1. In region 325-337, which residues are under 16 Å from LYS407 (Cα atoms) and touching a residue at least 60 places away in the same chain (Cβ under 8 Å)?
2. Among the residues of region 291-316, what is the count of those that are in contact with a strand residue (DSSP E or B) (Cβ under 7 Å, 6 or more places away or on another chain), in a loop (DSSP other than H, G, I, E, B) and either of a type in the set (Lys, Arg) or over 30 Å from VAL87 (Cβ atoms) (or both)?
3. I'd like the residue in region 228-255 that is within 10 Å of the ligand (Cβ to nearest atom) and among the small types (Gly, Ala, Ser) and, out of all such residues, is nearest to the chain's Cα centre (by Cα).
4. Does TYR234 satisfy being in contact with a Gly (Cβ under 6 Å, 6 or more places away or on another chain) and touching a residue at least 40 places away in the same chain (Cβ under 8 Å)?
5. Has region 344-359 got at least one residue that is among the small types (Gly, Ala, Ser), assigned by TED's automatic domain parsing to the domain that holds TYR246 and either touching a Gly at 6+ places or on another chain (Cβ under 8 Å) or within 16 Å of the ligand (Cβ to nearest atom) (or both)?
6. Within region 159-169, is there a residue that is surrounded by 19 or more Cβ atoms within 10 Å (Cβ to Cβ), in the same structural domain as ALA286 (by TED's automatic domain parsing), within 16 Å of the ligand (Cβ to nearest atom) and modelled with pLDDT of 95 or more?
7. Any idea how many residues of region 210-242 are crowded, with 17+ Cβ neighbours inside 10 Å and either closer than 30 Å to PHE74 by Cα or among the aliphatic types (A, V, I, L, M) (or both)?
Amino acid sequence: MVWNKEFECMSLEQIQKFQLEKLKETVGWVAAKVPFYKKKLEEAKISADSIKSVEDISKLPFTVKNDLRDNYPFGLCAVPLKEVVRVQASSGTTGKSITGPYTTDDIEQWRECVARNLWAYGVRPGDVFQNAYGYGLFTGGLGVHQGASMVGCTVIPISSGVTKRQISIMQDLEVTVLSSTPSYALTIAERAEEMNVDIRKLPIKIGIFGAEPWTMEMRKEIEERMGIEAMDIYGLTELCGPGVAYNCSEKNGLHINEDHFIAEVIDPNTLEPLPLGEKGELVFTAIQRKAMPLLRYRTKDITSLSREKCSCGRTLVKMERISGRSDDMLIIKGVNVFPSQIESLLLDIPEVEPQYRLIVKKSGYLNYLTVQVETKKEIFKKGKPTLHQIENKIMYHIEQSIGIKVKTELMEPKSIERSEGKAQRIIDESVK
Ligand code: DLL
């Protein structure tokens, strides 16, 4: 049940041997081709020859998003532009976009990485694959498309948006697999309910969701509303796009394609590598790319790594599902809070919909949080006293779990803007 047994089921010794060889090649490649890395490696007094084991990766300099922005558009590109066959980009929610150039080989590797993911989810030739990730500069659309074609699926490149049409296509073409952001999957599920279409009765069986953090509770919600198995797909533009890490049949953690990307978890304050099992910032080194192989790229994503034996037979290291990004972490009355913690708690409350917004305001030196969440239609009709009771219940539930008092506002059904891509759930008014 593995797409590429040779690379997905290697022994640790084989993986490390392979990684060492590719790491040395990559360090030599960027030192020769990218002035930015040449300078950084000289300053750190490191060359390909001085790397004797994979652990020596910790001697290499880090790369951060600002390095990509400062070198926009092609300052970190290691090949002449005539060898670049594609450029994707990330709009970046915070600031100038960054580009991801690919050579023909880079695209091939990317396809292979995504195909491994899809195979692990149970996608097979003949599946009718509705790809509702946005096509264009965003890597989700084309990236998933290429992998699904490689597996041999009938791909429907519908892109995101025009939700009513998503549902009729799903019905008419007897779609078996849907890929989108988890928040857009919810939008689709909700629209189908409005159209009196029961997605659970359709042939669709697998959903492939990622590109934004989502909780186990959200997974359960989507699985129940659509009658599917919801699988997690992870990746980022800086490395290739989707396909970096993926769930297997265990649906517990994501295997990392570590013959392509060496993963580390570091303490974001000391920048020291953390042992397996400890949570910190995920860092990647791309060891097979040619156009833009990044060394020790700090993703800001928070997770931990594990090498525990997996029942699926893959030996690739696993990362825990991403609990959030360090730059999305809110500090409310001095307490660190991830939006995913609030999401989990809201989904415990049966009277509300999984549609919410977090508003951060400042008063004096402290930040305060207002949680706005939609009620179910039948609840909203019950009027203010009932709504007030539920608001108090939510407030209490959050306070009991994370120790901070938040303001809760129950919202009218359908009043919060629906997502077609990555949901914008945080409104930060504290910086005004
Ligand atoms: O979101 C690539 C992608 C497309 C992944 C389609 C999966 C499916 P970027 O726009 O560069 O690339 O955003 C990358 O999104 O650093 C994480 O913070 C977040 N992210 C991506 N996948 C997941 C996931 C694409 N499965 C950033 N769980 C990453 C949580 C995710 N966060």
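1. If the condition is that a residue be under 16 Å from LYS407 (Cα atoms) and touching a residue at least 60 places away in the same chain (Cβ under 8 Å), then LEU330, ILE332, LYS333, VAL335, VAL337 are the ones that fit.
2. From region 291-316, those in contact with a strand residue (DSSP E or B) (Cβ under 7 Å, 6 or more places away or on another chain) are 291-306, 310, 314, 316; that's our starting set.
Filter once more, keeping what is in a loop (DSSP other than H, G, I, E, B): 291-296, 304, 310, 314, 316.
Adding the requirement that they be either of a type in the set (Lys, Arg) or over 30 Å from VAL87 (Cβ atoms) (or both) leaves 296, 304, 310, 314.
Within region 291-316, residues that are in contact with a strand residue (DSSP E or B) (Cβ under 7 Å, 6 or more places away or on another chain), in a loop (DSSP other than H, G, I, E, B) and either of a type in the set (Lys, Arg) or over 30 Å from VAL87 (Cβ atoms) (or both) number 4.
3. Among them, the one singled out is GLY235.
4. Answer is yes for this residue.
5. Checking region 344-359: not a single residue is among the small types (Gly, Ala, Ser), assigned by TED's automatic domain parsing to the domain that holds TYR246 and either touching a Gly at 6+ places or on another chain (Cβ under 8 Å) or within 16 Å of the ligand (Cβ to nearest atom) (or both).
6. Looking through region 159-169, at least one residue is surrounded by 19 or more Cβ atoms within 10 Å (Cβ to Cβ), in the same structural domain as ALA286 (by TED's automatic domain parsing), within 16 Å of the ligand (Cβ to nearest atom) and modelled with pLDDT of 95 or more.
7. Qualifying residue count, region 210-242: 20.
Quick grid of which residues meet (1) touching a Lys or Arg at 6+ places or on another chain (Cβ under 6 Å); (2) at pLDDT 95 or above; (3) assigned by TED's automatic domain parsing to the domain that holds ILE206:
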| position | (1), (2), (3) |
| --- | --- |
| THR94 | no, no, yes |
| GLN109 | no, yes, yes |
| ARG116 | no, yes, yes |
| ASN131 | no, yes, yes |
| THR187 | yes, yes, yes |
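The values are calculated or read from the model by the stated rules, or taken from the named source; none is laboratory data. Because the structure is predicted, anything quoted here is derived from the model rather than measured. When we count neighbours, we look across all protein chains shown, and the Cβ atoms used for this are built from the backbone with ideal geometry, even at glycine.
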